[in-house]
Amino acid sequence: PARYLSSPSTGKMGFAIADEARKRGARVTVISGPTEVRPPAGVGVVRVTTAREMHAAVLEHIGDATLFIGSAAVADLRPATVAAGKAKKEDAELTLALARNPDIIADVAAHRPRGCFVAGFAAETDDIEAAGREKLARKGLDCIVVNRIGGEIGGFASDDNEVVILWGDGGREAVARAPKSTIARRVLDRIDALRRAR
Ligand code: PMT
């Protein structure tokens, strides 16, 4: 009831993509974690709090989706136990036991609806393209949008972002710093091109 583990993600990047997809005529469902930022108008919104709730909601709503984009900063780990009441500091353990969360996008990619294109994001601090390529392959994605976190530009909570889009066979497109709405357009342009080339 008093403490939790989370990230500084606001949903701005995901909402920008949802808005752009809707403007292009898509029927969009956003599965969103907690945020103060308002989702765009005209899209379906499903609210969740935990990674496991997001996993269940994604599987429930994936239906016959033709495109899945995972921009949420899903926690890989969660506290192994959740306290029913506020822990007294004198009684608290100094080591927090953790458990693994499901990898949502890897599950979607492995059990995707027929023909569904799966695009991920990667939030990285070091050697960001190599890390992105490793995730692209390991999670079985069609493309991945890599952004640097912890720097001056982009990443969590900012209005701008700067990304590199990676896809199979060495495909690469760098998108210079721009508002997240522009990044969303470039990401969807690239996804459209990749889907047409299939
Ligand atoms: O929300 P904003 O404030 O606008 O910030 C945007 C952003 C920085 C959160 C966004 O641009 C971004 O980078 N999102 C991905 C963050 C992330 O969790 O990256 P990752 O490298 O840990 O995960 C790789 C991919 O696996 C992502 O598509 C992620 O959604 C997915 N994942 C991760 C863990 C998990 N348990 N399940 C997943 O599906």
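The values are calculated or read from the model by the stated rules, or taken from the named source; none is laboratory data. Worth saying up front: this structure is predicted, and the values here are computed from it rather than measured. Note that each Cβ is placed from the backbone with ideal geometry, even for glycine, and that neighbours are counted across all protein chains shown. Please note that ligands, DNA and RNA were not included when accessible areas were found on the heavy atoms of the full protein model with its side chains. Shrake-Rupley method; radii C 1.70, N 1.55, O 1.52, S 1.80 Å.
General observations
- Of all the options Ala65, Ala18, Ala184, the one that moves most in a Gaussian network model of the chain with Cα springs shorter than 10 angstrom is Ala65.
- The modelled label-to-label distance between Ala97 and Leu5, using points 7 Å beyond Cα along the C-beta direction, is 1.3 nm.
- Solvent-accessible surface ranking, highest first, for Asp160, Asp189, Asp127 at 1.4 angstrom: Asp127, Asp189, Asp160
- Centre-to-centre separation between the Cα atoms of the range 63-90 and those of the range 19-53: 17 Å.
- By a 1.4 Å probe calculation restricted to protein chains, Thr29 has an accessible surface near 70 Å², given to the nearest 10.
- Basic side chains Lys and Arg get +1 at the Cβ, acidic Asp and Glu get -1 at the Cβ, and with that the dipole of the range 86-132 about its Cα centre reaches some 400 debye.
- Cα gyration tensor, the range 95-198 - rounded (a/c under 1.5), prolate or oblate: oblate
- Under DSSP loop assignment and at most 16 Cβ neighbours within 10 Å, longest chymotrypsin sites (Phe, Trp or Tyr not before Pro)-free interval of the chain: 5-155
- Cα-based shape type of the range 116-160, given that a ≥ b ≥ c are square roots of the gyration tensor eigenvalues and the cut on a/c is 1.5: oblate
- Calculated on alpha-carbon atoms, Rg and Dmax of the range 139-198 in Å: 11.9, 36
- √(5λ) per eigenvalue of the Cα gyration tensor, the range 66-113, largest first, Å: 34, 10, 9
- Mean Kyte hydropathy of 1.6 or more with a Cα span along the axis of at least 20 Å, helices from DSSP in the chain: none
- Rolling a 1.4 Å probe across the protein heavy atoms gives the range 39-198 an accessible surface of 59 Å² per residue.
- Of all DSSP beta bridges confined to the range 103-166, the antiparallel ones make up roughly 40%.
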